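Q: This is the structure I want to talk about, given as structure tokens.
Bear in mind these aren't lab numbers, they're just calculated from the coordinates by the rules spelled out. All of these numbers come straight from a predicted model, not from anything done at the bench. All Cβ positions, even for glycine, are placed from backbone atoms using ideal geometry, and neighbour counts span all protein chains on display.
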Amino acid sequence: MTNHCCETMNRQVNVACDQHADPFSCPDALVAFSAKFQEYGLIIHDGGTATSTIEFCPWCGRRLPESQRDRWFDELERRGIDPWEDEVPAEFEDARWLASTEPAQGA
Ligand SMILES: [Zn+2]
Ligand SMILES: [Zn+2]
């Protein structure tokens, strides 16, 4: 499980509601975390799946990790995969692709 900036965020992105399997249909869910893009968004409860991306945690005020959305598309392109046309590999549906493509971190 991803560790978020603070306990509140941890709780919020992992809201376990026994009435709504989908956080977008749960009025108690405030924040959606996209593992594949590493993006946080405020859920807009308009019946769809719209979110408003946030850069700072509303609770602890810390800057949230940078979005990996551009890299996601870059990585797929590098593999010759068109996300609109082709089937996206399973590891690209969550955070696993980050582990497999992470550049070696300097000390
Ligand atoms: Zn926080
Ligand atoms: Zn609910």
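Q: Work out from phi, with θ = phi - 60° and the Karplus expression 6.51 cos²θ - 1.76 cosθ + 1.60, the ³J(HN,Hα) of each residue of the range 48-56, listed in order in whole Hz, and give x for Gly and Pro.
A: Karplus-based 3J(HN,Hα) across the range 48-56 equals x, 10, 7, 9, 10, 4, 10, 9, 10 Hz.
Q: Which one, I54, I81, S34, projects farthest toward the positive side of the charge dipole computed for the chain from Cβ point charges (K/R +1, D/E -1)?
A: The one lying farthest along the dipole's positive direction is I54.
Q: Moving on. What value, in deg cm²/dmol to 500, does the helix sum -39500 (n - 2.57) over DSSP H runs of n ≥ 4 give at 222 nm once divided by the residues of the chain?
A: Per the formula, -5500 deg cm²/dmol.
Q: About the Cα centre of the chain, what is the dipole size in debye to 20, counting +1 per Lys and Arg Cβ and -1 per Asp and Glu Cβ, all else neutral?
A: Numbers: 9 positive and 20 negative charges, 104 e Å.
Once rounded to the nearest 20, the dipole reads 500 debye.
Q: Return one quarter of the surface area of the convex hull spanned by the alpha-carbon atoms of the chain, equal to its mean projected area, in nm². Walk me through the numbers on the way to the answer.
A: Values: hull surface 33.5 nm².
Result: 8.4 nm².
Q: Across the chain, where is the longest run that never hits GluC sites (Glu not before Pro) in a DSSP loop with at most 12 other C-beta atoms within 10 Å? Mind showing how you got there, number by number?
A: Details: sites that count: E55, E66, E85, E87, E93.
Free of exposed loop sites, the longest segment is 1-54.
Q: Next up: Please list, in chain and number order, the residues 5+ apart from I54 or on another chain whose amide H is under 5 Å from its amide H, with Hs placed from the backbone.
A: Residues meeting the criterion, in which the H sits 1.01 Å from N, are Y40, G41, L42.
Q: Here's another thing I want to ask about it. Using the Karplus equation 6.51 cos²θ - 1.76 cosθ + 1.60 (θ = phi - 60°), what ³J(HN,Hα) coupling, rounded to whole Hz, does each residue of the range 20-29 give in order, writing x for Gly and Pro?
A: Listing the rounded values in order: 10, 5, 9, x, 5, 9, 9, x, 7, 7 Hz.
Q: Here's another thing I want to ask about it. With a sphere of radius 13 Å drawn around the Cβ of E87, what net charge do the other residues whose Cβ falls strictly inside it have (Lys, Arg +1; Asp, Glu -1)?
A: Numbers: positive: R79; negative: D82, E85, D86, E91, E93.
So the environment of E87 carries a net charge of -4.
Q: Shape call for the range 7-54 from the C-alpha gyration tensor, a ≥ b ≥ c root eigenvalues: rounded (a/c under 1.5), prolate (a/b greater than b/c) or oblate?
A: Numbers: a/c = 1.73, a/b = 1.11, b/c = 1.56.
Oblate, since a/c reaches 1.5 and b/c is not below a/b.
Q: Over the chain, calculate the relative contact order: mean separation of alpha carbon pairs under 8 Å at least 6 apart, over the residue count, as a percent. Display every interim value, and only then the final one.
A: Working: 120 pairs, mean separation 22.6, N = 107.
Relative contact order here is 21 percent.
Q: What's the longest uninterrupted piece of the chain once you rule out the chymotrypsin sites (Phe, Trp or Tyr not before Pro) that are loop residues per DSSP with at most 16 other Cβ within 10 Å?
A: So the longest stretch without any such site is 1-58.
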